[in-house]
Every structure is written in C-alpha cells, then in structure tokens.
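**Q** Pasting a structure below so you can have a look.
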Amino acid sequence: MNKAQLTEEIAKKANLSKAQASKALNATFESIKGSLKKGKKVSLIGFGSFVVRQRKARMGRNPLTGETIKIKAKKVPGFSAGAGLKKAVQK
C-alpha cells in the first residue's frame, strides 16, 4: 500500500474527503517527524513506537575499491511494533 492508497482508505473509513484525509495523514507524519527530531519517542498504544536510535561510528569497506573507510556515528529512526499490531499480523 502506498501513501495515495492509504489516504483513500482513511477517507473511506473515516467518512472524509480525500483532501481531508490527505491533510490528516500529512499532519500525522509531520507530528511524528517533529517529535523524533526533538529526540522524543512517539508511542501509539496497540500499534507501536517510533524512536530515535544512535548508531556508533564503525569501520566499513568501499565496495568498489575494497578500501577501509570510517563510517560516522549517526541518529536513525526506528520502529518497534506493538502487541496489537503483532497479533493482527499473526491472524
């Protein structure tokens, strides 16, 4: 499912226009991104949690030359599925 299909599904289930559903979905994404940018965890009970994870600096290899390179530490977004989502996928 892509973003357009998700917007259409939200519009049907919430009895909204596609434009309203798109605004709501975009606002949700922006709110999640904003919280993660501030380093805050976003927990949606029954669905899951979005978190910021810290990756340590490490050594890697350039696949073209085989040369060893240093990969910098960085922050990456992560998602942990909640019990409700895990249970729904099992059915």
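**Q** May I ask you to verify whether ALA81 is surrounded by 13 or more Cβ atoms within 10 Å (Cβ to Cβ) and among the hydrophobic types (A, V, I, L, M, F, W, C)? It would help to see each step written out before you state the result.
**A** On the way: surrounded by 13 or more Cβ atoms within 10 Å (Cβ to Cβ): yes; among the hydrophobic types (A, V, I, L, M, F, W, C): yes.
So ALA81 passes the test.
**Q** I would also like to ask the following. When region 42-90 is examined, which residues are found to be over 30 Å from SER31 (Cβ atoms) and of a type in the set (Gly, Ala, Ser)? Break it down stepwise before answering.
**A** Initial filter on region 42-90 (over 30 Å from SER31 (Cβ atoms)): 57-71.
Listed by number, the residues that qualify are ALA57, GLY60, GLY66.
**Q** If I filter region 48-63 down to residues being modelled with pLDDT of 95 or more and part of a loop (DSSP other than H, G, I, E, B), which single residue comes out as farthest from ALA88 (Cα to Cα)?
**A** Filtering first and then ranking leaves ALA57.
**Q** Right, another one. For region 36-59, give me the residue count where each residue is surrounded by 11 or more Cβ atoms within 10 Å (Cβ to Cβ) and either farther than 18 Å from ALA81 by Cβ or in contact with a His (Cβ under 7 Å, 6 or more places away or on another chain) (or both).
**A** 3
**Q** May I ask you to say which residue of LYS33, LYS75 is surrounded by 12 or more Cβ atoms within 10 Å (Cβ to Cβ) and not in a helix (DSSP H, G or I)?
**A** Working: LYS33 fails: not in a helix (DSSP H, G or I).
Exactly one residue qualifies, and that residue is LYS75.
**Q** Assess whether GLU8 counts as being under 28 Å from LYS87 (Cα atoms), out of contact with any strand residue (DSSP E or B) (no Cβ under 8 Å at 6 or more places or on another chain) and surrounded by 11 or more Cβ atoms within 10 Å (Cβ to Cβ). First the steps, then the outcome.
**A** Values: under 28 Å from LYS87 (Cα atoms): yes; out of contact with any strand residue (DSSP E or B) (no Cβ under 8 Å at 6 or more places or on another chain): yes; surrounded by 11 or more Cβ atoms within 10 Å (Cβ to Cβ): yes.
Yes; evaluated as a whole, the condition is true for this residue.
The values are calculated or read from the model by the stated rules, or taken from the named source; none is laboratory data. These figures come from a predicted structure and were not determined experimentally. All Cβ positions, even for glycine, are placed from backbone atoms using ideal geometry, and neighbour counts span all protein chains on display.
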